[in-house]
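Below is one structure; the comments refer to it alone.
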Amino acid sequence: MFVRHLKKLGIAALACATIAGCSQKSEPGATDEPAAKATEAPAETPAEKKVADLVYVNWAEGIAYTHLAKVVLEDKMGYEVKLTAADVGPAYTAVAKGDKDAFMETWLPTLHKDYVDKFQGKLLDLGHVYEGTQSGLVVPAYVTIDKISELNGVKDKFDGKITGIDAGAGIMKTTEQVIESYGLDYKLLASSGPAMTAALKDAIDKKEWIVVTGWRPHWKFGRWDLKFLAQDEDKTVWQPGNIHIMGRADLDKDKPELAAFLRNMTLTDAQLSDLMIKVNDSESKDVAEVARKWMADNEAVVTAWIPKS
């Protein structure tokens, strides 16, 4: 089975082409439980060129902390970091095939369960980078319904539409399940993270009703007064969970220092929210520049991630 502001990040989409088989559009040995965080690992041979090849999706939270990982690895650990933006399916495929070192945003236990099950034995769970995710249908606080089961009664208010994100995203698949389970007479519109938040902003500016596929962590919860529509107990689809980092199966063997760093990397809700808002609000088109400034302001946080040799 959480936009990622992003109009500044058009350059990220260009990187998608570097993954073999990457589609034009698609999106919360692995388990559902967070892996223990490592604290130490031997460094790679000093003579070797240290390279980290990471793939992420074009969502606000992943963009923010993946670029933060990049600047920490480059500035403090001497790595050359290659970042690739891709849709979820191609991202998992690339890591499972060993073409990329790690996928930075696995939502468990629900949204990405199908992908983790599909590539069982070809992925290495490096633990959670964020704890306490929430996914579901989100509306502005001024909307006068509170439950998914009430949607059909106010269909005209929402024009019979749920504004979604990438067609292959886990939350899109689970929303389709919800539409069927609740018998909702709504059409789920595929778009993108940035398009979804743009539509949300436009509706809020006009005080119009809108329902979107939403998740936490996301900067929109710090920007607007929003609420999740409650699920019925007997029709619960979305569960709280964590965001994991998934490495290729042999990452511990090939790049133990990188694997240890990614295991150690973790952000609280307050820390990630602060980073996301700074990325979204910055006039700079260089996300790494914003992340580098955040790193300088939060030295104790990032220093704790660096493995001791």
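Throughout, read-outs are computed from the coordinates displayed, never taken from laboratory work. Here the structure is a predicted model, which is why all the values come from computation and not from measurement. Glycine also receives a Cβ, built like all others from the backbone with ideal geometry; neighbour counts cover every protein chain displayed.
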> Principal axis lengths of segment 135-235 from Cα atoms, whole Å, largest first?
Replying inline: 32, 30, 23
>> Modelling each spin label as a point 7 Å along the Cα-to-Cβ direction, I'd like the D286/E131 distance in nm, to one decimal.
In response: 3.5 nm
> With a sphere of radius 13 Å drawn around the Cβ of V154, what net charge do the other residues whose Cβ falls strictly inside it have (Lys, Arg +1; Asp, Glu -1)?
Replying inline: -2
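How much length, in nm to one decimal, is gained on full extension between A199 and E48, taken as 0.36 nm per residue of separation minus their Cα-Cα distance? Provide the component values of the computation, followed by the final result.
On the way: separation 151, 0.36 × 151 = 54.36 nm, distance 4.77 nm.
Contour length minus Cα-Cα distance gives 49.6 nm.
So, with +1 on the Cβ of K and R and -1 on the Cβ of D and E, and no other charges, what is the size of the charge dipole of segment 135-235 about its Cα centre, to the nearest 20 debye?
Working: 14 positive and 15 negative charges, 75 e Å.
Roughly 360 debye, rounded to the nearest 20.
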> When Y56, Y182 are ordered from fewest to most other Cβ atoms inside 10 Å of their Cβ, what list results?
Replying inline: Y182, Y56
>> Counting other beta carbons within 10 Å of each residue's own, what order do D156, D166, D281, D269 fall into, fewest first?
In response: D156, D281, D269, D166
> Net charge near P140, counting Lys/Arg +1 and Asp/Glu -1 over other residues with Cβ under 9 Å of its Cβ?
Replying inline: 0
> With Cβ to Cβ distances under 11 Å as the rule, what net charge do the other residues near R223 carry (K, R +1; D, E -1)?
Replying inline: 0
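Could you compute the FRET efficiency for D75 and E176, with r as their C-beta to C-beta distance and R0 at 41 Å, rounded to 0.05?
Values: r = 43 Å, r/R0 = 1.04.
With a Förster radius of 41 Å, E is 0.45.
How much length, in nm to one decimal, is gained on full extension between D114 and K235, taken as 0.36 nm per residue of separation minus their Cα-Cα distance?
41.6 nm
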